[in-house]
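Visitor: Input: one structure, supplied below.
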Amino acid sequence: MSWNPDQYLKFAAPRFRPAMDLLAGISLAAPKTVYDLGCGAGNVTRMIAERWPGAVVTGVDDSAEMLKKAEQEMPGVKWVQQGLAEWQPAGPADVIYSNAALHWLPAHEKLFPELVAHLAPGGVLAVQMPRNFNAPSHTLITDTMLSERWRAKFANFTMRTPATGPEWYYDLLAPLAKRLDIWETEYLQALEGKDPVKEFTKGTWLRQFLDALPESDRDAFEEDYAARTRIAYPQRADGRTLFPFRRLFIVLQKA
Ligand SMILES: C[S@@+](CC[C@H](N)C(=O)[O-])C[C@H]1O[C@@H](n2cnc3c(N)ncnc32)[C@H](O)[C@@H]1O
């Protein structure tokens, strides 16, 4: 899937608030080795490096576009271009952090225990994933895709399975943890600009649907979806649009 860091960073403040909430959930004082999986444009990696200046921080991502932006902004961090399904640390890690990335990967029943296995004793796995898949922002993408006009164009499209619920992760991870903290937060995002819900999802989830279409169809698909979001998320009197967004947080400490 193609990533555009500028589109993603249009909504930097609401995207980085959960990243900071996740970072605040880690209580280690001075980890030595820290990995940021799916580091994207490196903005969150910068916050990680600032929190633990004595740590060796490595950002891992498979998008050349995102890593190029990261390298420009933060030369002091190690950047590795690699798929997360194949990633392994050089040695046991003190912190494996991942904000808004692991929901792109399948087979969490295998992936998450493998990540825990890569931790040093007492190490922390900290993960945040969006859980807004049942909200109109996401169901309207599917509605548009399955509508009369577009259905045939998506005949060969494979739907990703989004992250499941907190209880599922609890059952999977509790046997591997000394401490396990799982929570959900729904952020009431007050967004500015024209069609902000469409612009927000265009930085992430919508991208894969646009990529599946010929270039000549993309604007029309975007407009069809945008028209639906205008009804589901009306502009308020002050011109802003309220876009509630649910996110799942997992912080695990290994015994
Ligand atoms: C929504 S962005 C989040 C970026 C960053 N963590 C942040 O919070 O700003 C998701 C990132 O995950 C990366 N990603 C998704 N699937 C991946 C995979 N299988 N392997 C490596 N990186 C992946 C994408 O390239 C993208 O940069």
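FYI, it's all coordinate maths here, none of it is from the lab. No experiment lies behind these values; they were computed from the predicted model shown. Cβ placement follows ideal geometry from the backbone for every residue including glycine, while neighbour counts extend to all protein chains displayed.
Visitor: What are the residues in the stretch 39-81 that are more than 12 Å from the ligand (Cβ to nearest atom) and in contact with a Cys (Cβ under 9 Å, 6 or more places away or on another chain), if any?
Guide: Listed by number, the residues that qualify are T58, V77.
Visitor: Quick one: count up the residues across the stretch 54-67 that are surrounded by 14 or more Cβ atoms within 10 Å (Cβ to Cβ) and free of Cβ contacts under 8 Å to residues at least 60 places away in the same chain.
Guide: Residues in the stretch 54-67 being surrounded by 14 or more Cβ atoms within 10 Å (Cβ to Cβ) and free of Cβ contacts under 8 Å to residues at least 60 places away in the same chain: 9 in total.
Visitor: Among P106, P121, which is under 16 Å from the mean Cα position of the chain (by Cα) and exposed (fewer than 14 other Cβ atoms within 10 Å of the Cβ)?
Guide: Only one candidate qualifies: P106.
Visitor: Only one of M129, M145 is surrounded by 13 or more Cβ atoms within 10 Å (Cβ to Cβ) and in contact with a His (Cβ under 7 Å, 6 or more places away or on another chain). Can you tell me which?
Guide: Selected residue: M129, the only one of M129, M145 that is surrounded by 13 or more Cβ atoms within 10 Å (Cβ to Cβ) and in contact with a His (Cβ under 7 Å, 6 or more places away or on another chain).
Visitor: Another one. Counting just the residues of the stretch 175-232 that are assigned to a strand (DSSP E or B) and charged (D, E, K, R), which one comes out farthest from the ligand (Cβ to nearest atom)?
Guide: Within the stretch 175-232, the match that is farthest from the ligand (Cβ to nearest atom) is K178.
Visitor: Condition first: in a strand (DSSP E or B) and more than 15 Å from the chain's Cα centre (by Cα). Now tell me which residues in the stretch 233-255 satisfy that.
Guide: Correct list: Q235, T241, L242, F243, P244, V251, L252, Q253, K254.
Visitor: Would you check which residues across the stretch 153-204 are of a type in the set (S, T, N, Q) and buried (at least 18 other Cβ atoms within 10 Å of the Cβ) and list them?
Guide: If the condition is that a residue be of a type in the set (S, T, N, Q) and buried (at least 18 other Cβ atoms within 10 Å of the Cβ), then Q189, T201, T204 are the ones that fit.
Visitor: May I ask you to list the residues in the stretch 126-145 that are under 23 Å from F112 (Cβ atoms) and of a type outside the set (D, E, K, R)? Outline the logic, then answer.
Guide: Filtering the stretch 126-145 down to residues under 23 Å from F112 (Cβ atoms) leaves 126-134, 138.
Those that are under 23 Å from F112 (Cβ atoms) and of a type outside the set (D, E, K, R): A126, V127, Q128, M129, P130, N132, F133, N134, H138.
Visitor: Which one of the conditions (1) in contact with a Pro (Cβ under 8 Å, 6 or more places away or on another chain); (2) surrounded by 19 or more Cβ atoms within 10 Å (Cβ to Cβ); (3) in contact (Cβ under 8 Å) with a residue 40 or more places away in the chain does A41 fail to meet, given that it meets all the rest?
Guide: (3)
Visitor: Just to be sure, is R131 within 15 Å of the ligand (Cβ to nearest atom) and touching a Leu at 6+ places or on another chain (Cβ under 8 Å)?
Guide: Here the answer is yes, as R131 does meet what is asked.
Visitor: Against the conditions (1) in a strand (DSSP E or B); (2) more than 14 Å from the ligand (Cβ to nearest atom); (3) touching a helix residue (DSSP H, G or I) at 6+ places or on another chain (Cβ under 8 Å); (4) not small (G, A, S), where does Y97 fall short? Just the number, please.
Guide: Every listed condition holds for Y97 apart from (2).
Visitor: Same structure again: I want to confirm something. Restricting to the stretch 19-37 and keeping residues that are in contact with a strand residue (DSSP E or B) (Cβ under 6 Å, 6 or more places away or on another chain) and more than 17 Å from L252 (Cβ to Cβ), which single residue is surrounded by the most Cβ atoms within 10 Å (Cβ to Cβ)?
Guide: Restricting to residues being in contact with a strand residue (DSSP E or B) (Cβ under 6 Å, 6 or more places away or on another chain) and more than 17 Å from L252 (Cβ to Cβ), the top hit is A19.
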